[in-house]
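The values are calculated or read from the model by the stated rules, or taken from the named source; none is laboratory data. Quick caveat: nothing in here was measured; it's all calculated off a predicted structure. No Cβ is skipped: glycine too gets one built from the backbone with ideal geometry, and neighbour counts run over all protein chains shown. Accessible surface areas use protein heavy atoms only, side chains included; no ligands, DNA or RNA. Shrake-Rupley method; radii C 1.70, N 1.55, O 1.52, S 1.80 Å.
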Amino acid sequence: AILADSIRIYLAAEQDLIELPEERRQVVRYTELLKDPRSIIERIYGSFSLPGPDASLLAALDKIARAKGDRVSFHHYELQEFGITESRVRRELAPVFVRYGF
């Protein structure tokens, strides 16, 4: 049920994103956000002509950037543990995989 709902949400988000005018959308890859959170947030604020970001947010982003180092997760899960196959995920989320080049 969780997988089916997640797939539904991803596909709905992709459809909704396509329907928005280009000036009203912003796509950020997670790897970009991790690499330089401050510049990504500043780009988002600028692209939507928002005031800010304020000094406290910029300070928090700088702190995150300094602390990030090489994050390594010690968690490891296999899809099979949850009764999921990679082929199913790739098939059902094909539009997302194609759009982002996975």
How much length, in nm to one decimal, is gained on full extension between residue 72 and residue 38, taken as 0.36 nm per residue of separation minus their Cα-Cα distance?
10.1 nm
Helix 37-47 versus the longest principal axis of the chain: what is the Cα-based angle in degrees, 0 to 90, to the nearest 10?
80
Less than 13 Å from a label point 7 Å out along the Cα-to-Cβ axis of residue 98: which backbone N atoms in segment 1-19 qualify, by residue?
15
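With only alpha-carbon atoms in the gyration tensor, what are the semi-axes of the equivalent ellipsoid for the chain, in Å, largest first?
Details: eigenvalues 182, 95, 22 Å².
After diagonalising the Cα gyration tensor, the semi-axes are 30, 22, 11 Å.
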Identify, among 39, 21, 84, the residue whose Cα sits farthest towards the positive end of the charge dipole of the chain, taking +1 on the Cβ of Lys and Arg and -1 on the Cβ of Asp and Glu, with the dipole about the Cα centre.
39
Sequence of 66, 90, 25 when ordered by accessible area, the most exposed leading, probe 1.4 angstrom
66, 90, 25
Find the centroid of the Cα atoms in segment 46-65 and in segment 1-18, then give the distance between the two in whole Å.
29
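So if we plug the beta-carbon distance of residue 47 and residue 89 into 1/(1 + (r/R0)^6) with R0 = 30 Å, what FRET efficiency do we get, rounded to 0.05?
On the way: r = 31 Å, r/R0 = 1.03.
Plugging the Cβ-Cβ distance into 1/(1 + (r/R0)^6) gives 0.45.
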Determine the sum of side-chain charges near residue 85: Lys and Arg each +1, Asp and Glu each -1, restricted to other residues whose C-beta is under 11 angstrom from that of residue 85.
0
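Rounded to a whole number, what is D in µm²/s for segment 6-54 from Stokes-Einstein with the Kirkwood radius over alpha-carbon pairs (4 °C, 1.567 mPa s)?
On the way: Rh = 12.3 Å.
D, rounded to a whole number, is 105 µm²/s.
For the chain, with only Lys/Arg (+1) and Asp/Glu (-1) charged at the beta-carbon, what is the dipole magnitude about the Cα centre, in debye rounded to 20? Let's see the in-between values first.
On the way: 15 positive and 16 negative charges, 47 e Å.
Here the size comes out at about 220 debye.
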Could you calculate the contour length gain from residue 8 to residue 27, that is, 0.36 nm times the residue separation minus the distance between their Cα atoms, to one decimal place in nm?
5.0 nm
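Which order do you get for 93, 11 if you rank them by accessible area with a 1.4 Å probe, largest at the top? All intermediate terms of the calculation are to be shown ahead of the outcome.
Details: 93 20, 11 60 Å².
Solvent-accessible surface, decreasing: 11, 93.
Within segment 1-91, what whole-number % of the accessible surface is contributed by carbon and sulfur, with the 1.4 Å probe and all protein chains included in the calculation?
58
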Rolling a 1.4 angstrom probe over the protein chains, ignoring ligands and nucleic acids, what is the accessible area of residue 84 in square angstrom, nearest 10?
30
